[in-house]
Amino acid sequence: MNFIDASLDVPTIVYPKSSDSPVLAGKIEFRWIHTGANYYKYHINLLTIGESREGMSDTAFQEIYNLDLGNYSWAVSSCSDSIGTDCGNWSGNESFTIESAPDEMLKGLVPCGRKYDNPQTDIIESKPCQMTDIFVLIKYILDFVLWRVGPIILVLLVLITGLVSYFNVGSPDINVRIKSILKSSISGYIVIFLAWLIVNTFLALIGYRIGIFGRWWEIRF
């Protein structure tokens, strides 16, 4: 059962407020004026679909990373306990809107620790980096090499090998070298493909929703 403790001061919301809209999707720091309370309880409501989220904080701010796009309202109250059963009155509701950041602000190779999230991916890019993000980074690199750079190089090598063989250009040693390079390139491509399969399988096992080919047409640098 929750009790309202009238002796606790009501916090004043600092950010985000309606005047701050639109707020760009990503790491959002919810801030309020410290009232001297030991804890604070916050309530965030996604008005678009009626979902809500509550949490506790022992500071006058809370960083949240995975809010969807849409219209929100939120409020905060002072509490004397860490589970939010003995709290004061709620602050006035403040509304704000979350929108996606412009495309030029979403570029980046590292899939974590960014300021903004890319809504076109299933990854929360603004969350703090963890060990598993190393594998996501490897996947991004393999996607780019395997599905964008690799095919172009292989096609060029096949064309060069075919032209040299057809027109008999150069010495036999050159022909042998070109064919050897082509075989090595194909072998290397197969190795990269196997590495890509291993990384994707691992990411799928630990909960990432990984597409079959990834967004290979995008350069993340």
*Specify which labelled value, from (i) 1.35; (ii) 1.55; (iii) 1.00, agrees with Cα Rg over 2.2 N^0.38 Å derived from the coordinates of the model shown.*
(ii)
*On a C-alpha basis, how far is the centre of region 3-45 from the centre of region 101-152 in Å? Whole number, if you could?*
31
*FRET efficiency, SER184 to ASN66 (Cβ-Cβ, R0 45 Å, nearest 0.05)*: 0.55
_Report the number of Lys pairs in the chain whose alpha-carbons are under 25 Å apart, with separation of 8 or more residues or on distinct chains._
18
*Cα-centred dipole magnitude for region 3-103, charges only on beta-carbon of K, R (+1) and D, E (-1), debye, nearest 20*: 100
*Considering the dipole of the chain built from charges on the beta carbon (Lys and Arg +1, Asp and Glu -1) around the Cα centre, which of SER73, GLN130, VAL164 is farthest to its positive end?*
VAL164
*Convex hull projection area averaged over all views, region 3-103, Cα basis, nm²*: 6.1
*asked:* Between 0 and 90 degrees, rounded to the nearest ten: what's the tilt of helix 150-167 against the longest Cα principal axis of the chain?
replied: 10
_Dipole magnitude of the chain, debye to nearest 20 (Cβ charges: Lys/Arg +1, Asp/Glu -1, about Cα centre)_ = 1360
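None of the figures in this text is laboratory data; all of them are computed from the coordinates on show. If you're wondering where the values come from, they're calculated on a predicted model, not measured in any experiment. Cβ atoms come from the backbone with ideal geometry, glycine included; neighbour counts cover every protein chain shown.
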